[in-house]
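Take a look at the structure below.
The values are calculated or read from the model by the stated rules, or taken from the named source; none is laboratory data. All figures in this text were calculated on a predicted structure; none of them were measured in a lab. Counting neighbours? That spans all protein chains shown, and the Cβs are built from the backbone with ideal geometry, glycine included. Surface accessibility is based on the protein's heavy atoms, side chains included, excluding ligands, DNA and RNA. Shrake-Rupley method; radii C 1.70, N 1.55, O 1.52, S 1.80 Å.
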Amino acid sequence: MAGLSLQGVGKTYSGNVDAVTGVEIEIADGEFIVLVGPSGCGKSTLLRMVAGLETVTRGEIRIGDRVVNRLDPADRDIAMVFQNYALYPHMSVRDNMAYGLKNRGESRAVIDERVAEAARMLELGPYLDRKPRALSGGQRQRVAMGRAIVRQPAAFLFDEPLSNLDAKLRVSMRGEIRRLQRRLGTTSLYVTHDQLEAMTLADRLVVLNGGRVEQIGAPLEVYRSPASTFVAGFIGSPAMNLLDARVEGGRVVLEDQAIGGAELPEGPVTLGLRPEDLRLVQAGGLALRLDYVEELGAQRILHGFVGGQPLSVAEAGAAPLSDVVRVAVREDRLHLFETRSGHRIERAGLAAMEPAE
Amino acid sequence: MQKIKPLDHLVLILGVLFLCVPVVMALMSSTHYPVDIHSNGLFLTPGDNGLATYTKVLTDRGGFTGDVTGLRMLMNSLIMGVGFAVGKIVLSMMAAYALVYFRFRFATILFWMIFTTLLLPLEVRIMPSYQVMSTLGLLNTYTGLIVPLLASATGTFFFRQFFKSVPDELLEAARIDGAGPWKFFIDVLVPLSKTMMAAIFIIMFIYGWNQYLWPLLMTTDEHFYTLMRGIKSILQVWVGSQIPDYNEAFALAVLAMLPPVAVVVIFQRMFIKGLTESDK
């Protein structure tokens, strides 16, 4: 087992397309890192560079103390789980798991022992002699994980391993992956576009956008203080409301209504409000003209407009609603971003608030 | 379900008769005496000379050298057919593997060059091929009979399309599992191609089995005669008042039919699967 270190890693495809630029990540031994971002953000490319399936254009990738830039995938001491499982269709579950070890020249006894161990861990015992096509999606995914486990690698690489499963199975497999990783203590790099998966699995999140790292941090840290409007909009569900506001006379003003203090230069600012930080009040607050309501059971999400800008509110009540509701803002949960660059303006800039109700 | 109409059956029965009657005729006629065939034409009923004819055809030594039997010709044809099919499969699989999995310049152009040779029948290049074989001293050898015809655009094309349908992740998984190019080919691609190989085997076996012109050119030694040549040489003896041994020709034709039929029957299920099953 070993840590993982990416220094200034970049990838340029032919035709000068930069897929990944200047990625710096230090991953401690045993850490579970999730790379998350929308499709096309370069997260898979980054993972495949670590795996050795793509060449590295710039920078250095280390696994443990070894620079692996030029090593073959097989020599990097990693194991990978693919989205479509990539099991060898003609081999039994047992042979699928044993194939890598066989190629490494492990002895029969070692192979049998490790396969048996992995099968026990993943509850694959009864299926060892079946072909992959006779297995369900979840079972196939477990075989793919078994194939990774038996190698006892320095790092696991997961490339959207749960995307092909149905929603319910995805949740249970998510838990299983987490448990397994904790138990084995193997450094893991996990790629997903699903922010919920990212939040629940990660020790630390790496949010990527357009081939660049937007923010690295623990899930809650990223959730509570997103470094940019992109991260703010991507992490958290329902997504954070991002509204055009102004700073006037030390106050944040949204649609002619002051909602909090901020000792900032006058001018436009982007205001971030998490739907779950807003609540309905009888009087005062912002006037929200309702558009439609999504019922989720445990809560409902109200979509509407404040002035001309869309705003959504997550709310646990079930009381009937009028066309216009009043919404209060929790002032300690305001997020401010520079309008032009989208960068976060740190909370130090937010002065003590007066209640806006 | 649609109602079965008598007319449909009539059409089917006619079709079956159309295809089967000549075969039955050949089989039945082979059991009669040549004189009867010569004077009465072909038969649709069994005669009483069958056993003798087939024994004679299979074991009687004939030809100028006097030691070429039907069995020998049968064996030569089998060697041709199997050698063809196996050789073509091996060669075209490796060519397709190179074209699909290795990035080298001009791969696409090379593929299309190979592919256009589909348009050229063997007859177009038969003289140059003969010249090459003759210079190499390979006339009257099995090598000379088989090797020049091994390059197969059809096979290469089929395998190329098949390999392209194999998901890339399989190759990547194999690379991570430490399988080099050769191991990936043997351990993953070859087992995956089984049905494909069965399909190509049938097509190529029959193609090789039915070769006539090439063996005719390549072999002057009667030991290398194939069944196709044997049938022809029986009918060539029409000199003077001698009647050709029609029954023997028919018997040989029937015998010549059996191995391809056997191959088709055995591989049929895999054959259909190989040609229709595209998803992996």
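Pairs are defined by a Cβ separation below 7 Å, a sequence spacing of at least 6 or placement on different chains, a first member in the stretch A:161-186 that is over 22 Å from A:LYS43 (Cα atoms) and at pLDDT 90 or above, and a second member that is open to solvent by less than 30 Å² (accessible area, probe 1.4 Å) and not in a helix (DSSP H, G or I); the pairs so defined are A:GLY185/A:GLY30.
Within the stretch B:29-42, does at least one residue satisfy the condition of being under 30 Å from B:THR219 (Cβ atoms), surrounded by 12 or more Cβ atoms within 10 Å (Cβ to Cβ) and among the hydrophobic types (A, V, I, L, M, F, W, C)? Yes, because at least one residue in the stretch B:29-42 is under 30 Å from B:THR219 (Cβ atoms), surrounded by 12 or more Cβ atoms within 10 Å (Cβ to Cβ) and among the hydrophobic types (A, V, I, L, M, F, W, C). Selection of the stretch A:60-86 for residues being open to solvent by less than 20 Å² (accessible area, probe 1.4 Å) and either on the phi > 0 side of the Ramachandran plot or more than 8 Å from every other protein chain (Cβ to nearest Cβ) (or both) yields A:ILE61, A:ILE63, A:VAL68, A:ARG76, A:VAL81, A:ALA86. Is it true that some residue in the stretch A:184-198 is over 16 Å from the mean Cα position of the chain (by Cα) and over 27 Å from A:GLY10 (Cβ atoms)? Among the residues of the stretch A:184-198, at least one is over 16 Å from the mean Cα position of the chain (by Cα) and over 27 Å from A:GLY10 (Cβ atoms), which makes the answer yes. On the given criteria, is A:VAL213 part of a strand (DSSP E or B) and open to solvent by less than 50 Å² (accessible area, probe 1.4 Å)? Answer is yes for this residue.
Going through (1) modelled with pLDDT of 90 or more; (2) touching a Ser or Thr at 6+ places or on another chain (Cβ under 8 Å); (3) not β-branched (Val, Ile, Thr) one by one, A:ALA19 falls short only on (1). Just to be sure, is B:SER152 of a type outside the set (A, V, I, L, M, F, W, C), crowded, with 19+ Cβ neighbours inside 10 Å and either closer than 29 Å to B:GLY81 by Cβ or more than 9 Å from every other protein chain (Cβ to nearest Cβ) (or both)? Taking the combined requirement at face value, the residue satisfies it.
Across the stretch B:169-183, the number of residues qualifying as facing another protein chain (nearest Cβ under 7 Å) and among the small types (Gly, Ala, Ser) comes to 3. Considering the stretch A:24-41, and only residues there that are under 15 Å from the mean Cα position of the chain (by Cα) and open to solvent by 10 Å² or more (accessible area, probe 1.4 Å), the residue that is modelled with the highest pLDDT turns out to be A:GLU31.
Screening B:PHE157, B:PHE205 for residues that are within 18 Å of B:VAL100 (Cβ to Cβ), in contact (Cβ under 8 Å) with a residue 24 or more places away in the chain and more than 14 Å from chain A (Cβ to nearest Cβ) leaves exactly one candidate, B:PHE157. Filtering the stretch A:87-115 to residues that are more than 12 Å from every other protein chain (Cβ to nearest Cβ), surrounded by fewer than 23 Cβ atoms within 10 Å (Cβ to Cβ) and part of a helix (DSSP H, G or I) leaves A:ARG94, A:ARG108, A:ALA109, A:VAL110, A:ILE111, A:ASP112, A:GLU113, A:ARG114.
Taking the stretch A:172-196 as the range and being in contact with an Asp or Glu (Cβ under 9 Å, 6 or more places away or on another chain), open to solvent by 10 Å² or more (accessible area, probe 1.4 Å) and under 21 Å from A:ILE235 (Cα atoms) as the test, the residues that pass are A:ARG174, A:HIS193, A:ASP194.
Those strands (runs of 3 or more DSSP E) of the stretch A:281-331 in which at least 1 residues are open to solvent by 30 Å² or more (accessible area, probe 1.4 Å) and of a type in the set (Lys, Arg), considering only elements entirely within it, cover A:286-295, A:324-329. Evaluate the following for A:ARG130: is it over 28 Å from A:MET49 (Cβ atoms), open to solvent by 40 Å² or more (accessible area, probe 1.4 Å) and either in a loop (DSSP other than H, G, I, E, B) or touching a Lys or Arg at 6+ places or on another chain (Cβ under 9 Å) (or both)? Yes; evaluated as a whole, the condition is true for this residue.
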